[in-house]
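Student: The structure is given below, and queries will be raised subsequently.
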Amino acid sequence: MLTDYATIGVFFLLTVSFPIAAMALSWIFRPKPKAAPDDEKYTTYECGVDTRGKTWIRFRVNYFLFALVFLAFDVETVFLYPWAVKFQKLGFFAFAEMIVFIAILVVALWYAWKEGALEWH
Amino acid sequence: MESLFINLSQAFTAWLMSLGLSAGWADALLLAVQWTCIVAIVTLNITILIWLERRVSSFFQERLGPNRVGPLGCFQTVADALKLLTKEDIVPSAADKLIFKTAPALFIIVAVMLYAVIPMGDGMQVVDLNVGLFYFISIGSLSTICLFMAGWGSNNKWSLMGALRAVAQMITYEIPLAFSLLGIVMITGSLRLSEIVEAQSGVWFIILQPVAFLVYFIAATAELNRGPFDMPEAEQELTGGAYTEYTGMRWALFFLAEYTNLVAVSALMSTVFLGGWQGPWLPSWIWIIIKTYLVMMVFFWVKWTFPRIRMDQLMSFSWKFLIPVSLGNILFTGAGIYFCKWMGWC
């Protein structure tokens with residue numbers, strides 16, 4: 001008998017073969033013309049105009065702010081799931097705890113909102 | 001009919017054991033067969049789904065849609081698939097080759113991994129994990145990274161913009177997505193998907209948790225990058241978003257993964273909110289197919305009805321509306337459970 005997580009592992013190994021098989025299948029059928037690496041068709045597609053400047057530049061701090069707020073909430077989610085599973089067994093204590101926990105979340109959300117981290121510029 | 005597939009798999013394992021294989025190897029081989037069936041069904045189903053979506057969308061817009069290749073145009077997607085299969089593979093010379101090539105492969109791997117926990121009938125589940133629901137959410141959120149890899153690796157400005165939008169949108173909508181399912185976990189007291197289905201033998205969770213259902217539906221639409229939340233690949237402004245530089249099979253893998261995700265999320269929605277495989281008269285595995293298709297039809301309906309939402313509206317809708325609503329739903333569910341117990345209803 002395989003344990004649950006071993007099954008997931010074997011499933012993952014099988015799944016890895018899927019894109020490999022798909023690419024191999026297309027390799028059999030697709031044309032493989034020999035073109036120089038500086039050929040026109042390997043240039044970056046920007047609607048026919050030659051690309052100017054670098055793509056990999058620094059981008060807006062806005063994205064980073066959202067990512068930070070997301071991180072805080074995502075960690076909260078990880079804590080909330082085990083709590084929700086045991087919610088009915090823990091009794092009134094869990095209920096009071098939930099109010100405290102969600103109050104902290106609401107304060108965090110309110111703070112981010114007040115500081116303008118949730119505004120998209 | 002009901003336990004057709006279960007009997008088949010038991011007979012297969014028994015046959016393997018009679019050949020002298022150990023139980024572990026027999027299980028592994030059975031898993032390989034199950035995996036092949038899942039991938040085959042998913043891949044073939046997607047050709048039907050793409051045809052269906054094109055037909056449905058054309059009826060929404062008073063067009064005819066594909067109707068030339070085969071009866072009602074049903075061979076159109078087969079022709080498209082053959083075309084994509086035989087197309088040249090172009091990797092732009094400016095791209096980061098390793099990231100560019102791994103992104104579509106990872107995307108499809110993540111999408112197929114979701115099917116490991118979905119109950120496709122009574123007892124028909126590849127693995128009944130004790131954290132099944134959490135597994136689904138966490139594996140599903142990995143697709144964000146794949147989209148970002150595609151956008152960053154392409155070294156193309158359209159791709160990068162599409163990828164940045166995709167990441168911003170997907171991480172934003174992941175929070176209401178995870179929060180909306182908490183109410184159900186509180187009622188069931190389990191993350192095991194089979195137990196969540198069993199808990200719905202009386203009342204479906206869509207009736208007990210209507211707000212959660214709506215929040216989950218909206219967040220899932222955003223998470224799947226489907227209209228009206230298809231900002232990451234808004235064709236009219238970003239050409240192809242993160243997929244701009246992809247051709248042939250690699251592009252097909254992205255498309256395949258998107259639809260695979262759609263089917264998986266629809267199946268999870270019918271499992272968690274619509275009673276899963278439970279239903280009268282018909283076998284359980286037919287019920288889950290019917291429900292999944294119905295949920296997918298609603299996704300199509302939403303996509304082709306609403307216009308695309310502006311980026312700032314999209315972000316503030318999640319942070320300032322969906323997250324407070326889903327937090328309120330958790331509080332309300334908790335209070336409701338204790339009120340029920342106090343009144344002696346449950």
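The values are calculated or read from the model by the stated rules, or taken from the named source; none is laboratory data. All values reported here derive from a predicted model rather than from experimental measurement. Neighbour counts are summed over all protein chains in view; Cβ atoms, including those assigned to glycine, are modelled from backbone coordinates with ideal geometry.
Student: Could you check the stretch B:121-132 and list, in sequence order, the residues that are facing chain A (nearest Cβ under 9 Å) and either in contact (Cβ under 8 Å) with a residue 24 or more places away in the chain or among the basic types (Lys, Arg) (or both)?
Tutor: B:126, B:128, B:129, B:130, B:131
Student: Condition check: at pLDDT below 85 and within 30 Å of residue B:202 (Cβ to Cβ). Does residue B:278 satisfy that?
Tutor: Against the criterion (at pLDDT below 85 and within 30 Å of residue B:202 (Cβ to Cβ)), residue B:278 qualifies.
Student: I need the full set of residues from the stretch B:18-63 which are assigned to a helix (DSSP H, G or I), within 12 Å of chain A (Cβ to nearest Cβ) and more than 20 Å from residue B:262 (Cα to Cα), in order please.
Tutor: Correct list: B:23, B:24, B:25, B:26, B:27, B:28, B:29, B:30, B:31, B:32, B:33, B:34.
Student: Give me the pairs, please: first residue somewhere in the stretch B:299-319 and touching a residue at least 40 places away in the same chain (Cβ under 8 Å), second residue anywhere and among the aromatic types (Phe, Trp, Tyr) and not in a helix (DSSP H, G or I), beta-carbon distance under 9 Å, and either six or more positions apart or on two chains.
Tutor: B:308/B:229; B:309/B:229; B:311/A:120; B:314/A:120; B:314/B:229; B:315/A:120
Student: Can you pull out the residues in the stretch B:205-225 that are of a type outside the set (Val, Ile, Thr) and surrounded by 22 or more Cβ atoms within 10 Å (Cβ to Cβ)?
Tutor: Once the filter is applied, which keeps residues that are of a type outside the set (Val, Ile, Thr) and surrounded by 22 or more Cβ atoms within 10 Å (Cβ to Cβ), the stretch B:205-225 yields B:205, B:209, B:212, B:216, B:219, B:220, B:222, B:223, B:224, B:225.
Student: Select the helices (runs of 4 or more DSSP H) contained entirely in the stretch B:93-189, then report the ones holding at least 3 residues which are over 18 Å from the mean Cα position of the chain (by Cα).
Tutor: Because the criterion is at least 3 residues that are over 18 Å from the mean Cα position of the chain (by Cα), the helices (runs of 4 or more DSSP H) in the stretch B:93-189 that meet it are B:97-113, B:143-153, B:157-180, B:182-188.
Student: Can you find, within the stretch A:14-40, the residue that is farthest from the other protein chains (Cβ to nearest Cβ) among those that are part of a helix (DSSP H, G or I) and loosely packed, with under 10 Cβ neighbours inside 10 Å?
Tutor: A:40
Residue-wise test of (1) within 11 Å of another protein chain (Cβ to nearest Cβ); (2) crowded, with 20+ Cβ neighbours inside 10 Å; (3) without any contact (Cβ under 8 Å) to a residue 60 or more places away in the chain.
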{"site": "B:69", "(1), (2), (3)": "no, no, yes"}
{"site": "B:104", "(1), (2), (3)": "yes, yes, no"}
{"site": "B:107", "(1), (2), (3)": "yes, yes, no"}
{"site": "B:116", "(1), (2), (3)": "yes, yes, yes"}
{"site": "B:119", "(1), (2), (3)": "no, yes, no"}
{"site": "B:134", "(1), (2), (3)": "yes, yes, yes"}
{"site": "B:144", "(1), (2), (3)": "yes, no, yes"}
{"site": "B:150", "(1), (2), (3)": "no, yes, no"}
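Student: Would you mind telling me which numbered condition in (1) more than 30 Å from residue B:266 (Cβ to Cβ); (2) in contact with a helix residue (DSSP H, G or I) (Cβ under 9 Å, 6 or more places away or on another chain); (3) in a helix (DSSP H, G or I) residue B:89 fails?
Tutor: Among (1) more than 30 Å from residue B:266 (Cβ to Cβ); (2) in contact with a helix residue (DSSP H, G or I) (Cβ under 9 Å, 6 or more places away or on another chain); (3) in a helix (DSSP H, G or I), residue B:89 violates only (3).
Student: Related question: Among the residues of the stretch A:75-121 satisfying the criterion of being within 20 Å of the chain's Cα centre (by Cα), without any contact (Cβ under 8 Å) to a residue 24 or more places away in the chain and at the interface with chain B (Cβ under 7 Å from one of its Cβ atoms), which is surrounded by the most Cβ atoms within 10 Å (Cβ to Cβ)?
Tutor: Ranking the qualifying residues of the stretch A:75-121, first place goes to A:80.
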